[in-house]
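K.L.:
Here you go, one structure.
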Amino acid sequence: MIADLANALNMAQTTLFLWFAVLLRLSGMFLVLPAFGEQMIPMRVRFGVVFALSLIMTPLLAASMGGLTAMPAVRVFFGEIIIGLILGMGLRLMIHALQIMGSIAAQATSLSMMAGGAMPDPQPAIGTLLMLAGLTLAVMTGLHLHIITMLMGSYEVLPLGSVLSGAAVEAWGTARVAHAFALGFSLAAPFVLTATLYNLALGVINRAMPQMMVAFVGAPAIAFGGLLLMFIISPFALAHWQGILIMALQNPLADVP
């Protein structure tokens, strides 16, 4: 009977160790995850989601935990937090791409100070609208299901107890940041091109009619044109962004060996 109690105690200790490791990876990810990791979401709600997911995922991962308890606890726990943060930041950069698009578009169309200081983070209103639209679109198309699938797949690429090298994380982070900036600029390219052609046209008009106050005519026109262009382009830009987001969810660690 004592042997059975010892085996039960060892099994409970191993399961608790595994559950805590899964909880740390989920906590690091949900700290910066789009939609679920936003500042507007209460911390208690985020913790409840993480706690429930950890209870669901722990039995599914129990078969692949061989030798986990033999590893140093500090190494496992810190490694899981870092992996979770990397997974979350990879998706958070996709949201930053929309904010970069909004900032470039607002600057090109003279709408960069439209929101003033009303937002907690200093960003144009167009960037905020695009970010909220992107988050809404992602949630409506099953973001939570993609996240759960991504989490389960991450344990095949990076099992529990994995330790990433600094060079691998640096290369992955540099590639993802560059991709976010390139994506944001490519989505905002119609605004930049339109604003450039419009300013060239204003310059020609100003040279032809120096007495005309082109600033009074050009500023309202470029603002209206920017809003009209946003109304036309935003659905196509968001659809393209959603496809890239799904690709990132399917392979979040593509650049990490």
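K.L.:
How high is the FRET efficiency from Ala133 to Leu228, r the C-beta distance, R0 22 Å, rounded to 0.05?
P.N.:
On the way: r = 17 Å, r/R0 = 0.76.
Efficiency, from the Cβ-Cβ distance: 0.85.
K.L.:
Using label points projected 7 Å from each Cα along Cα→Cβ, tell me how many nm separate Thr14 and Glu170, to one decimal.
P.N.:
Output for this residue pair reads 3.9 nm.
K.L.:
Moving on. Can you put Ile95, Ile81, Ile126 in order of Cβ neighbours within 10 angstrom, beginning with the fewest?
P.N.:
Working: Ile95 23, Ile81 17, Ile126 28.
So the ranking, lowest neighbour count to highest, is Ile81, Ile95, Ile126.
K.L.:
Quote the FRET efficiency, to the nearest 0.05, computed for Met140 versus Asn251 with a Förster distance R0 of 25 Å and r equal to the Cβ-Cβ distance.
P.N.:
Numbers: r = 22 Å, r/R0 = 0.89.
With R0 = 25 Å, the Cβ-Cβ based efficiency is 0.65.
K.L.:
Separate question: Assuming R0 = 30 Å, what is the FRET efficiency of Phe78 and Ala239, from their Cβ-Cβ distance, to the nearest 0.05? Could you put the intermediate results ahead of the total?
P.N.:
On the way: r = 39 Å, r/R0 = 1.31.
That pair, Phe78 with Ala239, gives E of 0.15.
K.L.:
Only counting other Cβ atoms within 10 Å, I'd like Arg176, Arg207, Arg92, Arg25 sorted with the fewest neighbours first.
P.N.:
Numbers: Arg176 23, Arg207 8, Arg92 18, Arg25 27.
Least to most surrounded, the residues fall as Arg207, Arg92, Arg176, Arg25.
None of the figures in this text is laboratory data; all of them are computed from the coordinates on show. None of these values were measured; they are calculated from a predicted model. FYI the Cβ positions are ideal-geometry reconstructions off the backbone, even for glycines, and counts take in every protein chain you see.
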